[in-house]
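Written below as structure tokens is the structure these notes are about.
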Amino acid sequence: MGGPTVKQKLIGAWGEALAAEYLQSCGYVVVSMGYRCRFGEVDIIVTDKKYIVFVEVKTRTSKHFAEAREFVTRHKIERLRRAAEMWLSAHETTRQPRFDVIEIYAPQGVDTTRPEITHLEDAFQ
């Protein structure tokens, strides 16, 4: 199985930017986007008064095949947790860590004028 296509990368980057805007509108402060380390990557890292939130963004054109959250596999969750641990070891914080998923449904891809955004807080309990 090959890597993502150019179109998939474009839609993914667009979705991550949209998710960051959404999070900011909800009062979160963006700390990092596209954090990568040898263990994996975290799409967006944000804070609020209580949490440091590690966010996985899934952008899809429809829910017909499966909901976006279903593409966050156990393997992906483990890689996210390890990447978050690496980030936390390098950054001092008193906030509790939390893992969220943001699903973005954009039927016309980047040309979608009103994408549907679903924010799943504490998604990996």
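Read-outs throughout are calculated quantities, based only on the coordinates presented, and are distinct from any laboratory measurement. Just so we're clear, the structure is a prediction, and the values are computed from it rather than from any experiment. Positions of Cβ are generated from backbone atoms using ideal geometry, with glycine treated the same way; all protein chains shown enter the neighbour counts.
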Given labels modelled 7 Å from the Cα in the Cβ direction, how far is it in nm from E121 to V29? 1.9 nm
Rounded to the nearest 20 Debye, what is the dipole magnitude of the chain about its Cα centre when Lys and Arg each give +1 and Asp and Glu each give -1 at the C-beta? 300 debye
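Using Cα-Cα distances under 8 Å and only pairs 6 or more residues apart, what relative contact order does region 70-124 have, in percent?
Working: 39 pairs, mean separation 17.5, N = 55.
Computed over region 70-124, the figure is 32 percent.
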Normalised alpha carbon radius of gyration of region 6-120 [divisor 2.2 N^0.38 Å]: 1.05
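Please compute the contact order of region 6-120 in relative form: average sequence separation of alpha-carbon pairs under 8 Å and at least six residues apart, divided by the residue count, as a percent.
On the way: 184 pairs, mean separation 30.3, N = 115.
Here the relative contact order equals 26 percent.
Using the number of other C-beta atoms within 10 angstrom as an exposure proxy, rank D111, D122 with the fewest first. Provide the component values of the computation, followed by the final result.
Details: D111 8, D122 11.
Lowest to highest Cβ neighbour count: D111, D122.
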Neighbour net charge for C26 - beta-carbon separation under 13 angstrom, K R +1, D E -1: -3
How do F54, F39 line up, fewest other C-beta atoms within 10 Å first? F39, F54
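Kindly provide the trypsin sites (Lys or Arg not before Pro) of region 1-59 that DSSP labels as loop, not H, G, I, E or B, and whose Cβ sees at most 10 other Cβ atoms within 10 Å.
Details: sites: K7, K9, R36, R38, K49, K50, K58; in loops: R38, K49, K50.
Answer in residue order: R38, K49, K50.
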Label L10 and D48 with points 7 Å out from Cα along Cα→Cβ: what is the distance between them in nm? 3.4 nm
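Around V53, under 12 Å between beta carbons, what's the net of Lys plus Arg minus Asp minus Glu among the other residues?
On the way: positive: K49, K50, R95, R98; negative: D43, D48, E56, D100, E121, D122.
Residues close to V53 contribute a combined charge of -2.
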Work out, step by step, the length gained on full extension between R82 and T61: first 0.36 nm times the residue separation, then minus their alpha carbon distance; give nm to one decimal. 4.7 nm
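Based only on other Cβ atoms within 10 Å, what is the fewest-to-most ordering of L120, L80? The partial results should precede the final answer.
On the way: L120 18, L80 23.
Sorted ascending by nearby Cβ count, the order is L120, L80.
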